[in-house]
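First comes the structure, then the notes that go with it.
The values are calculated or read from the model by the stated rules, or taken from the named source; none is laboratory data. Since this is a predicted model, take the numbers as computed values, not measurements. Because the Cβ atoms are built from the backbone with ideal geometry, glycine has one as well, and the counts that use them run over all protein chains shown.
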Amino acid sequence: MPKAMSNTDKAGGGKIPARMGAFERIGVPADVDESRSAAVCRRDDGAERIVIAARGYVLIVDPETGSCSQLYFPGGESQYPFASASDLRGWFYTGAGRYFYIVDPFTPAFVGQHRVPEGEEEAGFAFAVKGDGRVYATTYPGSYLVELDASSDSSRTLCRLDSERKYAMTLACGSGGKIYAGLGTTSSAIACFHEETGELEILLEGPPDMPGSAAVLQGCNGSVYGWLPSGENGDGRWYRLGEHGVEPVPAEEVGPSLYKGAGYNKLHLDLDGGRTLLKWQLSDRQVVIMEADGSLSRIPLAYKGGGTPLSPLYGGPDGILYGTSNHPLHLFTYDTTAGRLTDWGGDIVERGGGGNIAAYAAQGNIIVGAAYAGGMVHLLDTAKDWNTEEGLCRNPRLIYENAAVHRPRCAAAHPDGRHVLYGGFPGYGAAGGGLGIVDVQAGQVEMLEHQEIVSGQSTISLAVLPDGRVFGGTSIETPGGGISKAGEAAMYELSWPDRKVIRRWVPIQGAKEIAQLAPGVKGILYGLTSESVFFVYDADLKQVVHWSDLSTWGRIVRQGLLMTEREGRPFLLGLLSRALFTVNPVNMEPELLDRLPAEATSGIACLNGDVYFGSFAELWRYRLEEEGNSFYESV
């Protein structure tokens, strides 16, 4: 059984009176932060520091004394870093939001801050260090190459690496003033910038119709290697990049990299003296070092974070509230009867890492959770204890993954008692997400491609009527860097027996997303667009019978519509960032229940008549009046 941590707010949170009940802050389910890359910084005198980048700050660790220093980004910057590096003098480089940051970890202090080119959104997707001490970095989404010169406290934009490939995730410095970059995601390529001449050259390109990312590797031996994907199954080829151009090499001849780790959790360089840094996870609150003699040393990480933002919540069939944090993924539960909030940690969900479970639905005792990243499908058996042993006894258990739904957004149970549908956005560089159908009893998944649903669009909302009719809502957005060719979002009806779409239509003209759907009674569907336009669709009449602009109540919140019951009556609950609402069943007008005391960022579950939502890292409850029928009389 994994170790659990209780994070119930010891102060009790306090109740905040409201129109129809009271709001209550329950606590912070996952009081941890996520490591977002790290580097070992070494001075000429041999002194070392481990520096870990996180959302809002860097944490500096002395591997000799174990002391920790926390430096917050200037101006309260709270965006996620993506990569980092250490230069020859032992200074630390990272990016967050629109700025590159340089830190002297031995002072410790920020010693440099440089803004990205105009129009760019993120600094520091990749870094590389040149022998003369200059550091190079990339930006998003324009894929600009920037030179950072700490000695003169200056920066300059060298070139735009590509106008279509938005992700420049790896960099390496070669001989002769060459800087290599791995590019993606609409297609893959390796670029080379010649600093002496200012020339930009594309050395290798993947198939134009195959999304993916190339990579370059700065070897410990000084060589530069490039990797180009050659198939959708993850295969690829390695090349040596240098004075002789591009030379194919076997994978076993590729030298070890100056980086280790993967994704946004890479480590630049390593400790000296035969020591190896094995773990540097803020979520574990420790670093683990293998000493030269093979023994392990553990250094506690002392930091003050704001807690990890919450992903959508789900009221389980056992009356327990379920959810995960987002970056890192920690599974948590809230026992509404006992008032016990429990953090089950990051290892309970297979390959959870820096992702989150973004959509849930249940059949019987089994909750189906669809997770980012990679479109993983987990089965959580609420009738059994958690079990992290490999095999069929594992609980939760990973049964499937498919990047066709790389970023899940919705899930719905079918009334056949056996299946759950889920949808979301595709992987990097693609446009149009799939629709997955989970056979819960068999533990198998059928995937329908976007061409079979609404070509080039992604299913991000689902509703199943009691008679079994399946409806979906789409998005034209491409958060993974793909190119959208669609003009407005659609709805569709899926024929359940033959898994075919039988109708497609546009319910709200100009909407980019049909972000939320919820089933009603008598063929009624409720929806929300990404612009907070609420609408009611009559599936029998095949038309929108009401719509209202609710933007004055706030922005949409993931999983912000829920059809539930109270005192035996069907009741729609809606959550926007600043308000809870319902709908008048007679005139279909939205009715305000209450304004929120804290901004809602994740929705929504209802257990025992109480409504639960997330506000950044905090779990909140809206406790309705227990006496009388004023809840219903108001609508």
Q.
Whether any residue in segment 196-207 is at pLDDT below 95 and surrounded by 20 or more Cβ atoms within 10 Å (Cβ to Cβ) is what I want to check.
A. yes
Q | segment 62-84, residues that are over 26 Å from MET169 (Cα atoms) and touching a residue at least 40 places away in the same chain (Cβ under 8 Å) | A | PRO63, GLY66, CYS68, GLN70
Q) So is GLY560 buried (at least 21 other Cβ atoms within 10 Å of the Cβ), outside any strand (DSSP E or B) and either modelled with pLDDT under 95 or outside the structural domain of ILE460 (by TED's automatic domain parsing) (or both) or not? A) no
Q: Look through segment 440-459, keep the residues that are over 24 Å from the mean Cα position of the chain (by Cα), of a type in the set (S, T, N, Q) and not in a loop (DSSP other than H, G, I, E, B), and return whichever of them is nearest to ARG499 (Cα to Cα).
A: GLN451
**Q.** Odd one out for ALA150 among (1) closer than 25 Å to GLY90 by Cβ; (2) out of contact with any strand residue (DSSP E or B) (no Cβ under 6 Å at 6 or more places or on another chain)
**A.** (2)
Q: Sort through ASP104, ASP87, ASP44 and tell me the only one that's over 29 Å from the mean Cα position of the chain (by Cα), free of Cβ contacts under 8 Å to residues at least 40 places away in the same chain and either crowded, with 23+ Cβ neighbours inside 10 Å or in the same structural domain as THR157 (by TED's automatic domain parsing) (or both).
A: ASP104
